[in-house]
Amino acid sequence: MKYICNLCKRTYAPDKTLWRCKCGGLFDLVDFDIRFDLEKIQSRSKDIWRYREALPFAQQFDGSSSVSLGEGGTPMVALSPDLPDIFVKLDFLMPTLSFKDRGAAVLITKAQELGAKFIVADSSGNAGTSIAAYANRAGMECEIYVPDRTSSKKIKQISAHGAKVCPVPGSREDTAKAAQEAVRKKEAFYASHVYNPFFYQGTKTYAYEIWEQLRKAPDVVVVPVGNGTLLLGAYYGFKELLEWGLINKMPRLLAVQAEGCAPIARAFDAMKDEAHPVVNTGTAAEGIAIADPPRSRQILAAVRETRGVVVTAPEAAIPDARITLAKKGFYVEPTTAATYAGFVEYVRKCTSGKLPVDQNLFPSNPFELNHHGTTVVIPLCGAGLKAD
Ligand SMILES: *Cc1c(COP(=O)(O)O)cnc(C)c1O
Ligand SMILES: [Zn+2]
């Protein structure tokens, strides 16, 4: 198993201090032969480790050395009883209350295998919380860099898990720079959900679970996008299922950004291969407010390959979306309400007859009672108790 630079294609053996190519490119993973065993997974507990043969560890890995809090196996239920084709997957029911635990469990297990003792990460909140919890469980020292305006509840959660919280003034990108500087100075393991490709090997279990729960691929998978860690994970996961013949088509990806910070949506609309940095003009969706996402090229390529679209959530619709979801029984944080608001807004466009056919993922309205047609899965990624 090797890191490969996505610019110059140079390869490296994974190592505890390496996180970016000499040329500045980002790493992907190559050369690992993986596939889970259909029979074996049936008899195992419902966490991400049931798919362990498909996770990036040695053949003899039996899961016993994993750094785990029982993450994965989240319920998937109908949005409401009269809407049987719109599913929500409750990833906010994870150990640290967000989907990031899928990635953090795999990444910290790998860090442990590589002998890492000191962990640094940067995050807008939830990834840092998750890394802090797993690093502490593995007995590692941990520092988490966050923008200084991060929700106070997320900051408390990170420090409660035993990490040192380092608030950084300025943009989300300034926070990343501060973390990278600390990694360099302290020779730390950079447990970045953005740069470290092992994180995506954890988030791909999101796709595996949807397939197991639906017994097929849904038509459309909605995903919030900031840095794209769930989007790319879902894409890799479904792609593997397709290669293994377990599904017969890729779901179309409906990526949602926040109106106030939407570099990927802009690049998608302008038919560009890569996003240009934008200025974050403010959004309640702090978890997806990424002005300069390093993996924009991969995100855009994945969406286009599935004949998907990138849309934005109207800022004004976020508070109402949060109330709507809570009334259906799902108390989520504003970033997750934004995902839902983006979906609702996009369905409205589809049914208004104004979209070109190739961009219309919902030719018939999924909100019509007893609709039977397009199956869609929406992730509810972060818990309501994380925010005010
Ligand atoms: C991290 C996060 C996102 C966005 O994920 P990216 O990997 O940045 O695309 C969305 N919602 C919640 C609740 C998150 O924690
Ligand atoms: Zn390179």
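The values are calculated or read from the model by the stated rules, or taken from the named source; none is laboratory data. This one's a predicted model, so the numbers in the text were calculated from it and none came from an experiment. Positions of Cβ are backbone-derived with ideal geometry, glycine not excepted, and every protein chain shown enters the neighbour counts.
For the reader, a short list of remarks on this structure follows.
- Contact annotation: residue pairs with Cβ atoms under 7 Å, 6 or more positions apart or on different chains, pairing a residue in segment 1-28 that is near ligand 2 (Cβ under 7 Å from one of its atoms) with a partner that is among the small types (Gly, Ala, Ser), are Cys5/Gly25; Leu7/Gly25; Cys8/Gly25.
- Flag if Leu26 is within 16 Å of ligand 1 (Cβ to nearest atom), closer than 19 Å to Arg295 by Cβ and of a type in the set (A, V, I, L, M, F, W, C): yes
- Residue within segment 78-99 that is at pLDDT below 95, more than 21 Å from Gln201 (Cα to Cα), in contact with a strand residue (DSSP E or B) (Cβ under 6 Å, 6 or more places away or on another chain) and not hydroxyl-bearing (Ser, Thr, Tyr) present: yes
- Positions within segment 337-388 being in contact (Cβ under 8 Å) with a residue 60 or more places away in the chain and surrounded by fewer than 20 Cβ atoms within 10 Å (Cβ to Cβ), in sequence order: Phe367, Leu369, Asn370, His371, His372, Gly373, Thr374, Thr375, Gly384, Leu385, Asp388
- Gly233 part of a helix (DSSP H, G or I), away from ligand 1 (no atom under 13 Å from the Cβ) and closer than 24 Å to Thr375 by Cα: no
- No other residue among Pro197, Pro218, Pro263 is in contact (Cβ under 8 Å) with a residue 60 or more places away in the chain and under 18 Å from Val309 (Cα atoms) apart from Pro218.
- Some residue of segment 97-116 being surrounded by fewer than 14 Cβ atoms within 10 Å (Cβ to Cβ), over 28 Å from Pro218 (Cβ atoms) and not aliphatic (A, V, I, L, M): yes
- Options Ser159, Ser130: the member that is away from ligand 1 (no atom under 13 Å from the Cβ), part of a helix (DSSP H, G or I) and of a type in the set (Gly, Ala, Ser): Ser159
Conditions tested, residue by residue: (1) within 15 Å of Ala265 (Cα to Cα); (2) within 16 Å of ligand 1 (Cβ to nearest atom).
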{"residue": "Pro314", "(1), (2)": "yes, no"}
{"residue": "Ala321", "(1), (2)": "no, yes"}
{"residue": "Leu325", "(1), (2)": "no, yes"}
{"residue": "Phe330", "(1), (2)": "no, yes"}
{"residue": "Thr339", "(1), (2)": "yes, yes"}
{"residue": "Gly342", "(1), (2)": "yes, yes"}
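- Residue in segment 48-59 that is over 23 Å from Tyr236 (Cα atoms), of a type in the set (Gly, Ala, Ser) and either touching a residue at least 12 places away in the same chain (Cβ under 8 Å) or surrounded by 18 or more Cβ atoms within 10 Å (Cβ to Cβ) (or both) present: no
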